[in-house]
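Shown next, in structure tokens, is the structure this report addresses.
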Amino acid sequence: RDAKKAAALYKRLLELNHQLLMARFCIDDDLDVLLAVEHPTADLDASELEAALDLLAHYIDAHGAEIEALASA
């Protein structure tokens, strides 16, 4: 991956992480971009899980195409 393109991706992920509530973009060991919900799992009930999944779907809808374009550049 080109260093300038990677830097642009990382910068954008950091910007988004500053804006997102209860979720964070991250990069795994294979350099794949992931979106994770930050929620305690102790006593997690069905409605909280559903809300977390809805939040992930919302953030993917809002930012997925942009992140995919940056990651594949």
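Every number in this text was worked out from the coordinates using simple rules, so none of it is lab data. Please read these numbers as outputs of a predicted model, since none were measured by experiment. Cβ coordinates were reconstructed from backbone atoms using ideal geometry, including for glycine residues, and neighbour counts include every protein chain displayed.
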* Among residues belonging to segment 27-41 that are touching a helix residue (DSSP H, G or I) at 6+ places or on another chain (Cβ under 8 Å) and either hydrophobic (A, V, I, L, M, F, W, C) or within 20 Å of Ala7 (Cα to Cα) (or both), point out the one that is surrounded by the most Cβ atoms within 10 Å (Cβ to Cβ). => Leu35
* Asked: Which ones in segment 1-30 are part of a loop (DSSP other than H, G, I, E, B), of a type outside the set (Lys, Arg) and over 18 Å from Ile60 (Cα atoms)?
  -> Asp2, Asp29, Asp30
